[in-house]
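S.K.: Dropping the structure in here first, questions after.
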Amino acid sequence: MSIEYKEIPEHNAVELTLKGTVTKDDYHELFKKFEAFLENRDSIKILEIIEDAECLKGLDHKVFWEGLKFDAQHWKKYEKCAVVSDMTWVSPMVQLADKLTAIQARRYEMSELFDAREWLYAPEAEA
């Protein structure tokens, strides 16, 4: 699998690392694990690390669409999302998610992975 999936239950978080060629089967396996993790939680945090553009080469547009539909079904549970990638074209997508949804979303460079985790896992200020 070209998607590394790691659950961080103490933070209600999932870390995803995409590298190499990602297949339709990789995404379907991810959806199953992610759905199970979401099932018993009110909200989650997501760290997505996109290591290189290879993971997007040859990606079936139908799988991309399935991913968007999956996210749309669960957006209400997405609290924060940190996307870590040196690919600058990711920034507008992250900014769009931050502005158009209730998700707090930020993009970080690969060299800022520590900062991304620090922001993602920081305790929320009490009201």
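Just so you know, all these numbers are worked out from the coordinates, no wet-lab data involved. Small disclaimer: the values here were computed from a predicted structure and weren't measured. Reconstructed Cβ throughout: ideal geometry from the backbone, glycine too, with neighbour counts over all protein chains shown.
S.K.: Starting from the Cα of D52, step 7 Å along the direction of its Cβ; do the same at A122; then give the gap between the two resulting points in nm.
M.R.: Going from the D52 label point to the A122 one covers 3.3 nm.
S.K.: Which order results if L113, L30 are arranged by neighbouring Cβ count within 10 Å, fewest first?
M.R.: Details: L113 14, L30 20.
Fewest-to-most Cβ neighbours within 10 Å comes out as L113, L30.
S.K.: Of all DSSP beta bridges located in the chain, what percent are antiparallel, nearest 5?
M.R.: The antiparallel fraction comes to roughly 25 percent.
S.K.: Here is a follow-up. Which value in nm describes the separation of the simple spin-label points at L68 and H28, placed 7 Å from the Cα toward the beta carbon?
M.R.: 2.1
S.K.: Okay, next question. Return one quarter of the surface area of the convex hull spanned by the alpha-carbon atoms of region 3-121, equal to its mean projected area, in nm². Don't jump to the answer; show the numbers that get you there.
M.R.: Details: hull surface 27.0 nm².
With the hull built on Cα positions only, its mean projection is 6.8 nm².
S.K.: With θ taken as phi - 60° and the coefficients 6.51, -1.76 and 1.60, list the Karplus ³J(HN,Hα) couplings across region 47-52 in order, rounded to whole Hz; mark glycine and proline as x.
M.R.: Listing the rounded values in order: 10, 10, 10, 9, 6, 7 Hz.
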